1. Which far-off residues, 5 or more places away or on another chain, put their amide H under 5 Å from the one on A:ILE58, with H placed in the peptide plane?
2. Suppose a student asked you for the relative contact order of chain A, using Cα pairs under 8 Å spaced at least 6 residues apart; what percent would you report?
3. Using the alpha-carbon centroid of each, what span in Å lies between the stretch A:42-72 and the stretch A:1-29?
4. Using only helices, what value at 222 nm comes out for chain A when you add -39,500 (n - 2.57) per DSSP H run of length 4 or more and divide by the total residues, to the nearest 500 deg cm²/dmol?
5. Out of A:VAL45, A:VAL64, A:VAL11, any idea which swings most in a Gaussian network model of chain A, alpha carbons joined below 10 Å?
6. Starting from the alpha-carbon convex hull of chain A, give the projected area averaged over all orientations, in nm².
Amino acid sequence: MTVYSHIYDIVRLIPSGRVATYGQIAELAGLAGKARLVGYALYQVDMASSDIPWHRVINAQGKVSHSPLRRGTDHWQRSLLEQEGIVFHEDRVDLAHYRWHPPLGRFPSPEDPR
DNA sequence: AGAGTGACATATT
DNA sequence: CAATATGCCACTC
């Protein structure tokens, strides 16, 4: 596979009702500073039939990132988040309140098997 | 092999 | 607030 498999592993850990930012995921995945790769990785995900909670990843401004390539799925993302109880305030969520904090201790990383 | 692109982030103007 | 600039790197011609 690709380096993205690990990104997906991290995203899968985000619980319902919480969100994470691209940069945050990148860092947890051992890709600090490479947030763009996270966005690219999620773009590859099959939104309809994937076990990855892709909608819980938003940008550092607390907003849903949109792009012409998404063809309206950005609204779909917001919808899913609201279903989980996340409240948007002026097109933005309060990261201080909803940001996911990963489990403490060691984290699975490619360089750190077991 | 080189250039362009992008679900980003941060800093600056 | 919005527009730029720069760093980042896998992917696609």
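We did not get these values from a lab; they are worked out from the coordinates using the rules stated. From a predicted model like this one, the values you see are computed outputs, not experimental measurements.
1. HN-HN under 5 Å from A:ILE58: A:ALA20, A:THR21, A:TYR22.
2. Numbers: 124 pairs, mean separation 35.2, N = 114.
Relative contact order for chain A comes out at 31 percent.
3. 12
4. On the way: 5 runs with 39 residues, N = 114.
It lands at -9000 deg cm²/dmol.
5. Ranking A:VAL45, A:VAL64, A:VAL11 by mean-square fluctuation puts A:VAL45 first.
6. On the way: hull surface 29.7 nm².
Averaged projected area of chain A's Cα convex hull equals 7.4 nm².
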